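The values are calculated or read from the model by the stated rules, or taken from the named source; none is laboratory data. All values derive from a computational prediction rather than experimental measurement. Using ideal geometry, Cβ is built from the backbone for each residue, glycine included, and neighbour counts are taken over all protein chains shown.
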Amino acid sequence: MRLGRLSVAAVPPVIRAVDWTPLAAASVTTIALALLTTPGQPIQVQNLTVTARMCGVLLGVAAGFAVVDTADEISAVTPAPRWLRQSIRALGAFAVAAAVWAVAVSVMVARAVTDVDLGIGGLIVEAAFWIITGLSCAACAVRFQPVRMAAVAGAAVTLGLAVSTVFDRERFWPLPQDDQWQAAHVIWGVGLVVVTTVLLLTNREVRR
Amino acid sequence: MADTALTGLVVGAGLMLSANLATLRDQRGDAGELFDPVPIRVDARTIATLLACVVAGTVLGVAVIAAQVGSMLVNSTPVGRFDLAELANGVLVTILMTTVGVAAGRWTPGLIAAPIVILLFFWAVFQFATSWLLPVVPRADLVVGAPRPPAWHALYVLALILVFGAAAVLRHGHGPYRVGLVTVGTALAVLTATMSLTSPEAALMRKAIDRSKTPTSIIEGADHCVSSGGVTYCSFPSYTGWIPLWEQAVAPVVAALPSEVRTTLPTVRQRTATGMIDPQVLADNILPGTTWGRNGGEVASRRWLAAQMAAAATGLPREGQYSGGRAGCDLRGQARAIVVLWLIGQVERPVLPGRSSVYVRERGNGAERARTNVQSDFGAVDYGAAELAYAERLLTTADAGDRIRAGWRKLVDPATNVDEALPILGLTAGSAASKAEGTPCT
């Protein structure tokens with residue numbers, strides 16, 4: 001009961017303390033990319049998937065900046081524990097990133113070809129994976145040093161992960177029509193569980 | 001080589017992050033103020049960062065690309081066209097990306113700028129894969145040996161480097177030299193972009209890509225042909241070095257066939273990696289691709305090609321052909337299973353087929369179901385351990401070739417089963433003959 005009240009009370013100040021600029025910049029870019037995908041003609045499945053996937057990675061990278069609490073070291077005495085503050089940050093950033101991604105994909109779906117399966121369900125799993133991966137990588141880095149640079153380190157790792165999967169495109173990035181679609185999303189689903197666990201673990205108190 | 005140039009993009013992404021961080025150093029920990037009393041001004045620091053970027057980009061780009069190209073030469077028969085300008089393009093891309101990192105650092109204070117620009121680079125490359133306006137063009141492999149304008153394109157990337165470098169310095173004041181540099185760079189970029197797009201080579205490339213949408217396109221241009229031992233081998237002009245490799249896999253199989261069969265064999269013709277496949281093209285040709293194994297992988301390549309020729313000689317479906325639906329057909333229990341595996345054995349030791357589980361979406365209701373696909377050296381053709389064991393015993397028998405050639409017609413008849421074939425082949429019954437589990441091959 002006490003925790004419930006504390007959580008509700010902690011949300012406004014923590015959300016205000018988040019630096020939303022990177023996520024805002026990434027959101028503008030995401031919407032722009034959605035609008036710039038094959039302008040003037042119906043969007044084909046492969047173009048839609050490429051943009052939706054890239055936007056997921058980009059929003060993940062940008063969301064990572066939200067878990068940087070430069071006042072982390074001096075906030076140890078606040079009534080809200082670190083895991084609560086960090087979870088509020090991560091949850092807030094995830095909600096914004098997911099909403100922006102949903103808007104961008106909706107914009108594209110409205111213009112997409114209608115006669116084929118766009119595989120939106122699978123794309124949602126992928127986007128969730130990449131947003132939480134971006135959050136987790138930055139959350140790991142801020143444990144070492146709660147500075148904004150940590151988010152860049154997280155971004156580098158996230159981008160590195162994304163690039164390293166491109167070389168096995170058939171396994172990780174199939175198109176909805178491909179045979180491997182289902183198998184690939186089992187991988188992304190398992191990955192989602194893993195990175196979420198990592199995120200929860202990294203939100204714990206840091207021993208100093 | 002387009003892949004190698006793409007490597008430049010990955011190296012460039014890392015360098016862009018570093019360059020951006022180096023440029024933004026002024027804003028961290030009040031470093032700008034600390035630098036104030038130093039005689040070197042901020043624009044000199046920008047130029048120094050830019051120069052460092054060019055050096056780092058060149059060294060890393062050359063090192064990574066040289067390592068990649070070098071590693072590809074190990075135990076391989078290099079074919080294709082070695083184009084230094086195209087590789088230089090890969091290095092130039094890394095330099096361009098670091099320069100953009102510096103410019104982004106000078107014009108936008110946020111740390112997010114570099115990751116956004118990196119994503120934009122990759123997005124553009126995947127979204128407009130065939131546009132010559134990209135700093136790196138990944139899909140030049142649509143057509144083998146297509147003419148490309150890399151020299152103009154390399155100059156174009158160079159001009160872009162100039163533009164972004166000058167833009168970074170322009171942040172600190174609009175001197176005539178700086179404005180001049182941006183103007184010259186932009187003019188050069190426009191000129192070289194126009195030359196890249198309108199050059200006769202680019203027009204040929206476009207034509208080649210249009211052609212790649214026709215049904216016979218995958219073999220279009222594979223017309224360097226050599227006849228040897230009754231088989232015609234056709235490769236793309238730049239891949240002639242591989243014809244002897246194909247011959248090593250095919251000639252022993254052909255030599256083991258009865259003479260009347262040798263006259264009806266398909267052509268071994270090279271295909272591109274992507275494109276439409278016409279059933280007639282598939283029926284007339286065995287289609288090795290633009291890859292061939294090395295460092296041990298050549299065994300599988302040879303076995304595959306031998307299997308294709310063995311399948312063609314015995315009337316089995318080959319890679320891309322289907323008998324009994326997409327799930328493939330079953331050769332278990334048929335006498336010709338032993339014959340085709342023995343034919344493969346003339347080149348490499350035959351192996352059991354592989355299996356992969358795939359989910360397929362049904363047309364109409366969109367429901368998904370699991371399906372097990374067979375992938376053997378023939379294609380979608382299944383066989384069992386019993387047939388393989390007989391073939392292996394046959395391979396150790398001295399007069400096997402003569403027996404097979406003498407009883408050819410009976411042996412390759414789909415109606416002949418293993419038990420009927422054993423006396424013809426001079427084999428005694430071994431392990432229990434397996435029964436067909438899937439649709440029998442016809």
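With the checklist (1) more than 14 Å from chain B (Cβ to nearest Cβ); (2) closer than 21 Å to A:Ala52 by Cα; (3) not polar (S, T, N, Q) in hand, flag the one item A:Val206 doesn't pass.
Every listed condition holds for A:Val206 apart from (2).
Which one is farthest from A:Val45 (Cα to Cα) among residues in segment A:135-151 that are surrounded by fewer than 24 Cβ atoms within 10 Å (Cβ to Cβ) and at the interface with another protein chain (Cβ under 9 Å from one of its Cβ atoms)?
A:Val147
Would segment A:185-204 turn up any residue that is out of contact with any strand residue (DSSP E or B) (no Cβ under 9 Å at 6 or more places or on another chain), touching a residue at least 60 places away in the same chain (Cβ under 8 Å) and assigned to a loop (DSSP other than H, G, I, E, B)?
Yes: segment A:185-204 contains one or more residues that are out of contact with any strand residue (DSSP E or B) (no Cβ under 9 Å at 6 or more places or on another chain), touching a residue at least 60 places away in the same chain (Cβ under 8 Å) and assigned to a loop (DSSP other than H, G, I, E, B).
Does segment A:104-118 contain any residue that is closer than 21 Å to B:Phe126 by Cα, within 15 Å of the chain's Cα centre (by Cα) and small (Gly, Ala, Ser)?
So far as segment A:104-118 goes, yes, one or more of its residues are closer than 21 Å to B:Phe126 by Cα, within 15 Å of the chain's Cα centre (by Cα) and small (Gly, Ala, Ser).
Any residue at all in segment A:154-165 that's more than 11 Å from chain B (Cβ to nearest Cβ), farther than 23 Å from A:Pro22 by Cβ, of a type in the set (A, V, I, L, M) and in contact (Cβ under 8 Å) with a residue 12 or more places away in the chain?
Looking through segment A:154-165, none of the residues is more than 11 Å from chain B (Cβ to nearest Cβ), farther than 23 Å from A:Pro22 by Cβ, of a type in the set (A, V, I, L, M) and in contact (Cβ under 8 Å) with a residue 12 or more places away in the chain.
I'm trying to understand the selection: among the residues of segment A:18-45, which are under 28 Å from A:Val68 (Cα atoms) and at pLDDT below 90?
none
Select from segment A:32-45 the residues that are surrounded by 15 or more Cβ atoms within 10 Å (Cβ to Cβ) and assigned to a helix (DSSP H, G or I) and write down the one among them that is nearest to the other protein chains (Cβ to nearest Cβ).
The qualifying residue nearest to the other protein chains (Cβ to nearest Cβ) is A:Leu33.
Do you know which of the residues in segment A:46-60 that are at the interface with another protein chain (Cβ under 7 Å from one of its Cβ atoms) and closer than 15 Å to A:Gly154 by Cβ is surrounded by the fewest Cβ atoms within 10 Å (Cβ to Cβ)?
Ranking the qualifying residues of segment A:46-60, first place goes to A:Val57.
Inspect all residues belonging to segment B:281-298 and state whether any of them is modelled with pLDDT of 85 or more and more than 30 Å from B:Val412 (Cα to Cα).
no
Go through B:Thr77, B:Thr98 for me and flag whichever is touching a helix residue (DSSP H, G or I) at 6+ places or on another chain (Cβ under 6 Å), at pLDDT 90 or above and more than 14 Å from every other protein chain (Cβ to nearest Cβ). It would help to see each step written out before you state the result.
Numbers: B:Thr77 fails: at pLDDT 90 or above.
B:Thr98 is the lone residue from the list that is touching a helix residue (DSSP H, G or I) at 6+ places or on another chain (Cβ under 6 Å), at pLDDT 90 or above and more than 14 Å from every other protein chain (Cβ to nearest Cβ).
Looking at segment A:66-82, is at least one residue within 30 Å of A:Val107 (Cα to Cα), touching a residue at least 60 places away in the same chain (Cβ under 8 Å) and within 10 Å of chain B (Cβ to nearest Cβ)?
no
Could you tell me whether segment A:174-196 includes any residue that is within 15 Å of A:Gly56 (Cβ to Cβ), more than 16 Å from the chain's Cα centre (by Cα), surrounded by fewer than 17 Cβ atoms within 10 Å (Cβ to Cβ) and at pLDDT below 90?
no
In this structure, does B:Arg336 turn out to be touching a residue at least 60 places away in the same chain (Cβ under 8 Å) and assigned to a helix (DSSP H, G or I)?
yes
So that you can scan it fast, the table gives a plain yes or no per residue for (1) part of a helix (DSSP H, G or I); (2) surrounded by 13 or more Cβ atoms within 10 Å (Cβ to Cβ); (3) in contact with a Leu (Cβ under 9 Å, 6 or more places away or on another chain):
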| position | (1), (2), (3) |
| --- | --- |
| B:Glu247 | yes, yes, no |
| B:Glu260 | yes, no, no |
| B:Thr264 | no, no, no |
| B:Val268 | no, yes, yes |
| B:Ala273 | no, no, yes |
| B:Val281 | yes, yes, yes |
| B:Pro288 | no, yes, yes |
| B:Asn295 | no, no, no |
| B:Val299 | yes, yes, no |
